[in-house]
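See below for the structure under consideration.
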Amino acid sequence: MNNQTSTAPLNYLNHQTGLWSWLSSSDHKRIGLLYFYCIVTFFLSAAVLGLLMKIEKVAPGQTIMTAQTYNAMFTLHGIIMIFIVVIPGLAAVFGNLMLPIMIGAKDVAFPKLNLFSFYLFFGGACLALYSQFANGHAPDTGWTFYVPYSAEASSNVVLALTAAFTLGFASILTGLNFIVTIHTMRAPGMTWFRMPLFPWSLYATAWIQLLATPVVGITLLMVIAERTLHVGFFDPKLGGDPVLYQHLFWIYSHPAVYVMILPAMGVVTEIFPTFSQKPVFGYVPIALSSLAIALVGYFVWGHHMFTSGMSYESRWFFSLLTFLVAIPSAIKVFNWLSTMYGGSVDLQPPLLYAISFIFLFTIGGFTGLTLGAVATDIQVHNTDFVVAHFHYIIFGGMGFGFFAAIHYWFPKIYGRLYHIRWANIGWGILFTGFNLLYFPMFIMGIQGMPRRYYDYDPKFQLGQTISTIGAVILFIGLITMISNLIYHAKKGALAPANPWHGVTLEWQIPSPPPHENFDEIPVITKGPYVFDNPYTK
Amino acid sequence: MDNHDSHITSYALNFKVLLVLLILTLTSILVIKFHLGAFTVAMALLLASIKCTIVLTYFMHLKFESLILRLMVGGIFLLFAIIIVITFIDYYFR
């Protein structure tokens, strides 16, 4: 099976060939790429659904689909984007691709479990898709599966719940694998505070995956039990409590936001020092703020329920805690900016995406405070304001973090360089389209445009039309970016081992990396961000 | 990697632990007869937590593990205890 080509040295991409060598590989890098291809495919599918929904709303009344189709579409869009794309996205793709290399290991602690996690993920994703088409009754509950509707709806809710449960299991196993890997497989000399900050963010993320995901898994099983066995957990008709469902659902699903965003924060934390050629500012605060976000993030779930009939005392309690999350988030932002300050800033595509991340995430963060305050939340709850807020956080944060990551590590992953100018053009279109699409939704939300409505009052038409134009521009930006990457993954110029002059371990090995990453496990004698150039002296 | 000594617990100890677990299970069934009202769930959770701690300590050998591992497991239980308490605060005040 070992086929070394005449032009390329032996590496993880070519040391074995054939489809089976990929499907059965326990190499963390190949598994990372399997996740990558799956997730990008699902992302594009769900993005098309998003575009269609926006086209439907270009004018009041029915445009291209019925209300029921619209309901099914936002449900499918949400399930794919949340459970298949953004929750596993960065951790599963770039965690698998880069974590072992960055800590000086040859693989993760449990390589076969890693492959099993991927197949669980793939099975769950297929089941989620199947639930949309089986028996012609696509689930229309939204991705949150709120009871009592999800306990009574005649659509394929049980299939969708089972899919979410399976995807959650994959996430738990990946989290477990990463925690054990980081604890036991760091290279000799790599103390906790000599570990790069992307692994730190993955470590914090993995704890959330491990501890919070079982809660939603059990909750979804309880809904299945309610539907099939008529056990009264949540449905008031059976003696249950619907607010309990919301508690249990958000105990997981709010920390899940940090599963999405923490690895993105880790990615940009790698990018800023590299493209400023300067050590990261405030290494320890950034590392500990990841843990602080993970910890505080466990206790703020109630801010999703301010209007759900929760007690007054709980509302102010959760509101207070929500504001506390802003502190470790702000620590990161100030440290990123300070890292660039005085550095030799090189505006390459990864840095453009990383700076965009700060801009968009900050808008999402500030509007999150609007939603975290009880009084203002009641005004804008269930409006387009909320949709705009979480797209700024999740797409602007995790999405742009993902794009930053692929532009940063692309030369390492494929051993090829992409076209810088086209990458910059793609970024410009994407950034413009993003803001045109989502910013008007803040204004419409404040004016009272409800979320999840396929029709609207004519007074919202200007905002809706601008938003639709933004969606089209955003989609063009995506196509531009992805075409550039796909084409140059095969046809790009050969990449050197260290095209960006990075200092972490992945840049010290060939591009693409060899099958087992290192011929000899490196011995670490210094911190991860020591630059030997004039700017550090 | 830790290469700590392996610990083999005696049959006698394992049997005692099993006996305690069975007694606690019986207690969790019998306690229903006392009509504790709002405290029924709290009592059930308390008994389940004690059983869980015993299983972790002896059957899963946590007693013989390093301090850091014990702290991690303890931290997880503390986290879930806080989450449950916060959820029930809402019920209490609603």
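No lab work stands behind these numbers, since they all come straight from the coordinates. Since we're looking at a predicted model, the values are computed, not measured. Cβ atoms come from the backbone with ideal geometry, glycine included; neighbour counts cover every protein chain shown.
Counting only DSSP H runs of at least 4 residues, each contributing -39500 (n - 2.57), and dividing by the residue count of chain A, the helix-based mean residue ellipticity at 222 nm comes to -21500 deg cm²/dmol. Applying the Karplus relation 6.51 cos²θ - 1.76 cosθ + 1.60 with θ = phi - 60° to segment B:42-51 yields 3J(HN,Hα) values of 4, 5, 4, 5, 4, 5, 5, 5, 5, 4 Hz, where x marks Gly and Pro.
Dipole magnitude for segment A:23-536: computed about the Cα centre from +1 point charges on Lys and Arg Cβ and -1 point charges on Asp and Glu Cβ, it is near 720 debye.
Extending 7 Å from the Cα toward the beta-carbon at both residue A:526 and residue A:362 defines two label points whose distance is 3.2 nm. Think of the protein assembly as shown as having a plus end and a minus end, set by charges on the Cβ of Lys, Arg, Asp and Glu; of A:338, A:38, A:122, A:338 sits farthest toward the positive end of this dipole. Think of each Lys and Arg Cβ as +1 and each Asp and Glu Cβ as -1; about the Cα centre, that makes the dipole of segment A:429-537 roughly 400 debye.
Mind running the shape call on segment B:11-93? Use the C-alpha gyration tensor, a ≥ b ≥ c as the square roots of the eigenvalues: rounded below 1.5 for a/c, prolate if a/b tops b/c, oblate otherwise.
Numbers: a/c = 6.00, a/b = 1.23, b/c = 4.86.
Verdict is oblate for segment B:11-93.
Of the residues A:443, A:395, A:476, the one whose Cα sits farthest towards the positive end of the charge dipole of segment A:350-482 is A:476 (charges of +1 on Lys and Arg Cβ, -1 on Asp and Glu Cβ, taken about the Cα centre). For the pair segment A:402-418 and segment A:189-212, the centres of their Cα atoms are 22 angstrom apart.
Listed by chain and number, the aspartates and glutamates whose C-alpha is less than 12 Å from the C-alpha of residue A:112, apart from same-chain residues fewer than 8 away, are A:27.
Partner aspartates and glutamates whose Cα lies under 12 Å from the Cα of residue A:54, excluding those fewer than 8 positions away in the same chain, are identified as A:455. Taking a straight line from the alpha carbon of residue B:33, these lysines sit under 25 Å away, with near neighbours fewer than eight places off in the same chain left out: B:51.
What is the dipole size for segment A:1-130, taken about its Cα centre, with +1 at each Lys and Arg Cβ and -1 at each Asp and Glu Cβ, in debye to the nearest 20?
Working: 6 positive and 3 negative charges, 13 e Å.
In total the dipole reaches around 60 debye.
Placing R0 at 45 angstrom, the Cβ-Cβ distance between residue B:34 and residue A:326 gives a FRET efficiency of 0.45 after rounding to 0.05. Counted as membrane-span-like here are DSSP H helices of chain A whose alpha-carbon atoms extend 24 Å or more along the helix's own axis and whose Kyte-Doolittle mean is -0.5 or above; these are A:28-56, A:111-133, A:157-184, A:197-229, A:242-276, A:312-340, A:349-372, A:420-447, A:461-491. Take the residue pairs A:332/A:526; A:57/A:237; A:491/A:526 and return only those whose Cα atoms are more than 28 Å apart. From A:332/A:526; A:57/A:237; A:491/A:526, over 28 Å: A:57/A:237; A:491/A:526.
The ranking of B:94, A:421, A:451 from fewest to most other beta carbons within 10 Å of each one's beta carbon is A:421, B:94, A:451.
Add +1 for every Lys or Arg and -1 for every Asp or Glu among the other residues with Cβ under 14 Å from the Cβ of residue B:58, and state the total. Display every interim value, and only then the final one.
Details: positive: B:16, B:51, B:63, B:70; negative: B:65.
Net charge in that neighbourhood comes out at +3.
Amide H contacts of residue A:416 (H built 1.01 Å from N, in plane; Pro and chain starts excluded): A:495 sit under 5 Å, all sequence-distant by 5 or more or on other chains. Note on residue A:313 and residue A:238: their simple-model spin labels are 3.0 nm apart, each label 7 Å out from Cα toward Cβ.
Between residue A:383 and A:451, the built amide H atoms are under 5 Å apart, and every one of these is 5 or more places off in sequence or on another chain. Evaluated at q = 0.11, 0.12 Å⁻¹, a Debye calculation over the C-alpha positions of the protein assembly as shown (equal weights, vacuum) places log10 I(q)/I(0) at -1.16, -1.37. Taking other C-beta atoms within 10 Å as the exposure proxy, A:455, A:532, A:377 rank A:532, A:455, A:377 from fewest upward. The relative contact order of chain A, computed from alpha carbon pairs under 8 Å that lie at least 6 residues apart in sequence, is 18 percent. When the charge dipole of segment A:406-537 is built from unit charges on Cβ atoms (+1 for Lys and Arg, -1 for Asp and Glu) and taken about the Cα centre, the candidate among A:430, A:414, A:508 whose Cα reaches farthest toward its positive end is A:430.
Fewest neighbouring Cβ atoms within 10 Å first, the residues A:454, A:408 line up as A:454, A:408.
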